[in-house]
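See structure below.
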Amino acid sequence: MSMAALGGLFQAQGALHRRFAFGGGVGLVSHPCDVGLQGRLEKAALAGQSGNMSLRRRVPVTVLLAALSAGSASAQAQKPPAEAPNAVSPVLILPPTSPPRLVSSYPAQDQVVAPGVLILKVAFDQQMSPTAWNYATVAGAEPLDCVKTPRRLADQKTFVLLCRVQAGRTYGVTLNAERAGGFSNLGDNPAQTAVLTFKVGAEAPVTTLRRAMTAAGLKDDETPVQDAPPMTMATGAAR
């Protein structure tokens, strides 16, 4: 049964009920003539199922369909968007590298140098981390008397360390005696262990930082410590 037919049936029943209202109550349809009246009313209401539905009856159905369509479109518009996949932070993966190697030093292996101020210089074959280093003594040699921290120079491969040595002694130093935490390249690959020993002569000592830098082949801007004050030994003449 169409919506219009149901509406007509409800109107007919409403009219019938109003006809048999007594005071504040509603009487039941029980007389044959009343039954016939109700049948005629229902027949009249069902006649709305034919294709000749009046404009007045079609309007509520049209409005209902339009409202349903609008509600469906609104629901689709309010549907939350699909969640985007979780973004993954980029990860920098460096290619494998070979361990750095010591390629030069001052003093060189078994070289004889002057006593006094000495700048130990070591250079590797790769760019190195500025914060990783490891010095240790060598069995049978004197330990070096140096400041605590070396400085990496601008080429990122060379380190310099300010020390002091005494005449007539043999000194030795081991680089990366323990490779973990020692001199490493930018990929955190530690350098190979290297041992360096040298001797100190008996000539007049080096007493200035500038002279020590010249002996190590360093430029004016390659001091072993930043903003280092002039360093002069208490004994001996400047060289």
Before anything else, pin down the relative contact order of segment 135-183: Cα pairs under 8 Å, at least 6 apart, normalised by residue count, whole percent.
46
The simple spin-label model distance between Lys199 and Ala167, using points 7 Å out along Cα→Cβ, in nm, is 1.6
How much length, in nm to one decimal, is gained on full extension between Asp155 and Leu186, taken as 0.36 nm per residue of separation minus their Cα-Cα distance?
9.9 nm
So, counting K/R as plus one and D/E as minus one, what does the shell of residues with Cβ under 9 Å around Val103 add up to?
+1
What net charge do the residues around Lys121 carry, taking every other residue with its C-beta under 13 Å from that of Lys121, with Lys and Arg at +1 and Asp and Glu at -1?
+2
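FYI, it's all coordinate maths here, none of it is from the lab. Quick caveat, the model's predicted, so the values are computed rather than measured. Glycine gets a Cβ as well: all are built from the backbone with ideal geometry, and neighbour counts include every protein chain shown.
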